[in-house]
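This report refers to the structure that appears directly beneath it.
Just so it is clear, none of the values below were taken in a lab; they were calculated from the coordinates. Remember, predicted model here, so these are calculated numbers, not experimental data. All Cβ positions, even for glycine, are placed from backbone atoms using ideal geometry, and neighbour counts span all protein chains on display.
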Amino acid sequence: MRGSIRRGLGAGIAAVSVAVSGAATADDDGFFSNLFDGISIGGFFQIESAYRLTDDQNPNNQTSNPFNNRTVSRSGLPAVASGITSGAQDVLDTLGGVLTGLGLDPVANGFDALNLGQVGLNDQLEKGLAFKEDNFNMTFLRGEVDIEWPIARNVRLKATMRAIFDVDRYKQFDDEMQQFPTQQAPLNAIGTLNGNSPNLFEYRYESWVPQLQSGLLPGEQAGGAAFFAANTAAIQASNARLREAIQGDESSSYLEVAGQDYMLDFPNLYLDIEFGALLIRAGNQQIAWGDALFFRILDVPNGLDLRRHGIFDVAVEEFSDKRIPSLGIRASYTTEVPLLPGEWEFDGYVQRFRPTILPNPNTPYNIIPSQFTVRDNFKDFDSEANYGIRIRGNLGPVELQLVANRRYNPLGAFTWTANGVEEDGLLLPVPNNGLILSRTPFEVDGTGVQSATEFSTFGARTHLDHFEGLNAAIREFPAAQQLLAAEVDTNDRQLQQEDLFFQLTGGLRGHIRREYFRENNYGLGASYRVNETPFIGGQTIVSLEGQYTPDRVFTPITLDPNPDELIVEDEYQIAFVAERFQRFTAGFPAMFMVLQHLHNSESDLVGFHLSGYGSRPRASVNDPTTDTTSRSSYNATVFAFQQPFPNRVWVVNFATLYDWGGGILVQPGVAWKPNREWKVETYVNYVDHISGNRYEDTLDAVGFIDELNLRINYQF
């Protein structure tokens with residue numbers, strides 16, 4: 001019903017727009033000639049594509065997982081093996097018989113239930129997913145219509161309608177590619193929203209969390225097979241409700257309609273109302289307080305939409321197509337202030353909170369490994385509001401701005417959560433093991449993690465601690481201990497424990513919950529314009545921006561759901577920016593150049609805490625339990641320039657970001673605009689790790705992004 005309302009709203013507004021444009025031309029002498037006098041309609045159509053320049057594929061997606069078609073040795077051993085209790089011994093003594101039933105000779109595999117401290121279950125795995133390459137990251141058809149309507153002398157309506165359609169060039173993942181060995185669970189739709197195909201645009205958050213239907217049913221302790229046989233209908237109904245909840249509400253905006261390969265929304269739909277020096281803007285809007293490339297120090301009101309192209313649009317566009325619009329009211333008032341020179345602007349807003357939208361699993365720019373299901377708890381924050389104020393003016397030659405903002409951090413924090421899927425899939429001879437497993441973060445699923453080596457590797461890639469992360473999942477979810485999982489203190493015991501559970505299930509999918517936390521942001525910006533730089537001439541603007549956030553909440557690197565284990569730190573962020581216009585010859589327009597440096601005390605470029613940096617895969621039993629390197633602060637430097645040619649038919653763009661952890665992003669490009677209507681633009685995104693420990697490099701997580709981008713734009 002809700003989707004139907006949205007579709008009706010979108011169609012209705014579109015129809016009104018068409019009717020308005022028709023009335024403005026067809027009824028020149030009637031009532032509408034006055035009502036719609038001065039209305040303007042414009043926009044553009046665009047083809048946008050990104051072609052992959054290398055064979056590197058996104059490792060976070062299932063069919064480009066680097067462990068596909070790779071043989072990995074596994075050595076499974078229960079964590080309780082070196083200190084077996086009498087309660088656990090009976091279960092362990094029967095494990096050899098279970099393995100025999102699976103066609104795995106316990107002796108041949110080195111398994112002896114009576115001597116578990118020395119030997120385990122050894123095998124080799126080749127992950128049963130076909131590795132597929134794809135030449136295109138995206139091919140979009142896009143259109144935007146801009147309407148500006150002066151309703152009255154001091155009232156103006158502004159609307160932008162945006163439509164994007166994917167022509168389905170990205171087909172890295174579909175049903176036919178899944179070939180699972182018989183002992184592995186079938187593909188689970190929870191892991192891949194909207195079935196098994198890439199869902200590019202339909203952002204979903206969990207609508208509600210169902211209670212476990214069978215948790216207290218009579219006969220719970222009667223035995224696994226008997227219990228599930230007696231309660232099959234109730235359990236299946238519970239699982240169906242869970243899947244419905246995880247894929248619950250669509251998008252986070254009431255003015256967006258999205259599907260698997262299309263989206264239609266209104267980035268802007270608001271009224272501007274002027275009362276002298278007071279301007280009020282009411283409606284769906286984006287608030288842009290910052291203008292730095294890549295960095296967002298004072299640009300705090302809105303989160304970012306990273307579904308379409310991640311952060312890899314043209315850098316000089318300064319997130320103009322990324323900020324997530326939201327319903328709100330913004331007011332700006334300019335006046336003189338006693339004891340201060342000149343006029344000062346007071347700019348404030350109240351706006352519905354909207355989170356940053358991350359790319360979905362198995363889509364080109366996905367950054368969360370697809371072996372994990374993210375359950376977004378946005379439902380509890382849907383009606384919350386952000387608000388803030390900015391004061392801006394001049395103190396002599398210095399332009400000064402002060403910012404105070406209270407918001408929910410749009411990135412949020414991620415922690416383990418119980419999966420709730422009551423399926424009897426664990427092979428360990430524990431009564432009701434499917435019910436017990438549903439109370440842990442791990443769901444039996446062949447598209448999940450299948451070896452300790454894989455789990456450790458992806459932990460390092462995402463700057464998480466796989467060792468303490470599993471300990472946290474066992475400690476905070478006591479049901480895991482009923483399955484003989486236990487906290488351990490050495491890396492080799494952890495790896496062996498992981499391998500055993502992967503061997504007994506065919507794969508485990510992790511479930512993590514995303515929640516949001518309020519914070520206060522205090523910002524200061526100062527800019528100084530140098531009209532004539534000594535020796536070299538030209539105009540230079542030097543700026544310094546800073547933000548201080550007390551008690552900012554970050555994702556714990558162990559994903560520990562205990563509120564006391566969330567990382568809470570005071571953070572300061574400082575950016576130095578130097579912008580310059582320099583004309584080198586009389587025949588060419590001035591070149592625009594910008595040099596920036598960012599320093600964060602606690603988090604990286606995206607907003608995750610630095611304590612996980614330096615983590616590395618610990619797939620060897622000889623690896624130490626703890627790591628010795630990490631980043632104490634984050635530093636990055638940006639240089640960019642834009643050089644127009646005579647008549648501005650050609651423009652050369654260049655931007656590069658160097659992460660002091662050893663990574664670099666280089667983005668050269670050129671634009672050709674032969675007339676007002678047409679513009680053709682091409683640019684390259686090249687990412688590489690060039691020095692140091694790659695696990696201390698933020699950009700290494702997107703090192704697969706080497707692409708040639710093309711935009712063909714027709715403006716009307």
(Q) If I model a spin label at SER601 and SER73 as a point 7 Å from the Cα along the Cα→Cβ vector, what separation in nanometres do I get? (A) 4.8 nm
Q) Which part of the stretch 285-304 falls in the paramagnetic zone of ALA404, meaning amide N under 18 Å from the point 7 Å along Cα-to-beta-carbon? A) 298-301
Q: Would you please state which residues of the stretch 36-73 a label at ASN675 would reach in this model, taking the label point 7 Å out along Cα→Cβ and a backbone N cut-off of under 16 Å?
A: 45
(Q) Within the stretch 296-320, name every residue whose backbone N is under 18 Å away from a label modeled 7 Å from Cα of VAL350 along the Cβ vector. (A) 301-302
Q.
I need the GluC sites (Glu not before Pro) found in the stretch 468-544, filtered to DSSP loop residues with at most 15 other beta carbons within 10 Å of theirs.
A. GLU532
Q: Subtracting the Cα-Cα distance from 0.36 nm times the residue separation, let me have the gained length for THR656 to TYR686 in nm, one decimal.
A: 9.9 nm
Q. For LYS158 and GLU133, what does the FRET efficiency come to when R0 = 41 Å and r is the distance between their Cβ atoms, rounded to the nearest 0.05?
A. 0.40
Q.
Report the gain in length on full extension from ILE574 to VAL337: 0.36 nm times residue separation, minus Cα-Cα distance, nm rounded to one decimal.
A. 82.5 nm
Q: Pop the C-beta distance of VAL666 and ALA282 into the FRET formula with R0 = 45 Å and round what comes out to the nearest 0.05.
A: 0.60
Q.
Just to be sure I understand the model, the point goes 7 Å from the Cα along the line to the Cβ. What's the resulting ASN122 to ALA590 distance in nm?
A. 7.2 nm
(Q) Under the 0.36 nm per residue contour assumption, what length would be gained going from the current alpha-carbon distance of GLU384 and ASN520 to full extension? (A) 47.5 nm
Q: Post the alpha-carbon centroid distance, the stretch 448-501 to the stretch 338-355, in whole angstrom.
A: 49 Å
Q: Could I have the simple spin-label model distance between ALA234 and ASP551, label points 7 Å from Cα toward Cβ, reported in nm to one decimal?
A: 4.3 nm
